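The values are calculated or read from the model by the stated rules, or taken from the named source; none is laboratory data. On a predicted model such as this, the values are computed, not experimentally measured, just so you know. Because the Cβ atoms are built from the backbone with ideal geometry, glycine has one as well, and the counts that use them run over all protein chains shown.
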Amino acid sequence: MKHGFLDRLIDRLGKIDPGSLQSHFLRLAREKGLLETIFHSMQEGLVISDRNGRIEFANRSAERLLGFTMPEARGHHVGRYLRDIGWDALLATDAGECPGATNREVEVSYPEHRFLSFYVMPLRPDGGGEAPSGAVLILRDVTRERQNEVQSIESERLRAVTLLAAGVAHEIGNPLNSLHIHLQLIRRSVNALSESQREGLSESVEIALREVERLDRIISEFLQAVRPVKPSLESAELGPLVSETLEFLRPELADRRVLVELEIPADLPTVRLDRGQIRQMLFNLIKNAMEAMTSGGVLRITAGATDRLVRLAIRDTGVGMTAEQLGRVFEPYYTTKREGSGLGMMIVQRIVRDHGGEIEIHSEPGGGTCVTIYLPREDRLVRLLPPAVDGAPREAT
Ligand code: ADP
Ligand code: MG
């Protein structure tokens, strides 16, 4: 874009007489003022940082959401106001690990207990592939939505309907099972027929079997989604759970020519987790990664730890997501797949939240996707403080 007032001014700078320069500067100041007025009237918090994460600008909403004022915050690292985010990786200049924009939700306890959804986008000088010169951080207060979610989940009527639906879904499971068994018997008889008798029949049976399996999948995912069970936590290592899930999906991974790279340090700190649920989470994530790689690719799973969290990153070289898709991944029934249920990521989010963790997703169309799960380290759990009630800042953990 090269038609702004400033660009024109710069082009003509040499030819301007000092008299009109003053009026030009006044106009510039007005335009800057206008931009700031717009930023300050936004409901979303907006923070602009340099490449090292130091705050250069923040609008009023950001000041309110994060509990600082611009004069005191200028030049300080964003990590001072939003802890445990892993800013270095987010602002990394080489953009190698997880390129593109990031969408994540965090719980903050200062200045108030809130849930903030934040979106970080690296600022590149000419929109090109150069190292970012800084980052824009957009914050949205989703506390109300989260509370509504909780309230509506807890509301009695909804509970009754959900229970009923879950009951019906459960009841459908039995006849479905028996259908599956009988179809398999039919398949066996069909296979024993002569070639000419078999014509067309074989295909119909296969289709019926596939559809029954699909129904079964939809129902079990639905039951997972509507019947959140409290996780029964035990001390466990993530590594073996990841390996088991990969082993389980191995035939399909091979089918799609997906190369798996697994890098989990043997001394990864343990986490308190529900094995069944974390397996489910890994299954959903790896399945999505696999489905995004329609013509082969690399699935890379890495892990590490910060002083409070264990981090597990699942990266694919698949189709990636647009900003719109990225914003909707957790919506129930949101899917871009012909046979998708759109419940997988919602279940992942619920499981991660139930474990006191966080999810971060980086994605770019054509650039693959990187989903990072953060779970609290078992050895640091005792140091987690409850959210402050009186709005006082929480002690650093
Ligand atoms: P489903 O897989 O049944 O579509 P999910 O809730 O698992 O439902 O995912 C919702 C949508 O999010 C997908 O349809 C897809 O558009 C997008 N998505 C999730 N994971 C990935 C990924 N690794 N790469 C690209 N898109 C993804
Ligand atoms: Mg899925």
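Annotations
- Here residue 368 fulfils each of the conditions (1) surrounded by fewer than 18 Cβ atoms within 10 Å (Cβ to Cβ); (2) closer than 13 Å to residue 289 by Cβ apart from (1).
- Near pairs, Cβ below 9 angstrom, 6+ apart or cross-chain, from region 12-35 (acidic (Asp, Glu)) to any residue that is surrounded by 10 or more Cβ atoms within 10 Å (Cβ to Cβ): 31/4; 31/5; 31/6
- Residue count for region 257-276, restricted to those that are surrounded by 17 or more Cβ atoms within 10 Å (Cβ to Cβ) and more than 17 Å from residue 240 (Cβ to Cβ): 1.
Condition check ((1) closer than 19 Å to residue 310 by Cα; (2) modelled with pLDDT under 90) across all residues:
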site	(1), (2)
53	no, yes
65	no, no
70	no, no
77	no, no
83	yes, yes
105	yes, yes
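- Top-ranked residue of region 341-367 - restricted to ones that are touching a residue at least 60 places away in the same chain (Cβ under 8 Å) and more than 16 Å from ligand 2 (Cβ to nearest atom), ranked as nearest to residue 238 (Cα to Cα): 355
- Number of the condition not met by residue 299 [criteria: (1) away from ligand 2 (no atom under 15 Å from the Cβ); (2) surrounded by 17 or more Cβ atoms within 10 Å (Cβ to Cβ)]: (1)
- Summed over region 326-348, residues that are of a type in the set (S, T, N, Q) and modelled with pLDDT of 90 or more total 2.
- Only one of the numbered conditions (1) under 17 Å from residue 359 (Cβ atoms); (2) surrounded by 16 or more Cβ atoms within 10 Å (Cβ to Cβ) is violated by residue 239, and that is (1).
- Residue list for region 261-284, restricted to those being under 28 Å from residue 225 (Cβ atoms) and of a type in the set (A, V, I, L, M): 271, 273, 278, 281, 282
- For region 345-368, the candidate set comprises residues that are outside any helix (DSSP H, G or I), out of contact with any Leu (no Cβ under 7 Å at 6 or more places or on another chain) and not charged (D, E, K, R); within that set, the residue that is farthest from ligand 1 (Cβ to nearest atom) is 356.
- Residue match in region 328-344 (condition: more than 10 Å from ligand 1 (Cβ to nearest atom) and in contact with a helix residue (DSSP H, G or I) (Cβ under 7 Å, 6 or more places away or on another chain)): no
- Per the listing 300, 308, the residue uniquely touching a residue at least 60 places away in the same chain (Cβ under 8 Å) and either within 15 Å of residue 371 (Cβ to Cβ) or in contact with a Pro (Cβ under 7 Å, 6 or more places away or on another chain) (or both) is 308.
- For residue 81: the one exception among (1) surrounded by 16 or more Cβ atoms within 10 Å (Cβ to Cβ); (2) closer than 20 Å to residue 119 by Cβ; (3) not assigned by TED's automatic domain parsing to the domain that holds residue 124: (3)
- Looking only at residues of region 85-103 that are at pLDDT below 75 and outside any loop (DSSP other than H, G, I, E, B), we find that the one that is surrounded by the most Cβ atoms within 10 Å (Cβ to Cβ) is 90.
- Selection status of residue 231, part of a loop (DSSP other than H, G, I, E, B) and either buried (at least 17 other Cβ atoms within 10 Å of the Cβ) or under 22 Å from the mean Cα position of the chain (by Cα) (or both): yes
- Looking across 368, 340, one residue alone is on the phi < 0 side of the Ramachandran plot and not assigned by TED's automatic domain parsing to the domain that holds residue 87. It is 340.
- Listed by position, the helices (runs of 4 or more DSSP H) contained in region 112-212 that have at least 1 residues being within 30 Å of residue 50 (Cβ to Cβ), of a type outside the set (Phe, Trp, Tyr) and modelled with pLDDT under 85 are 143-154.
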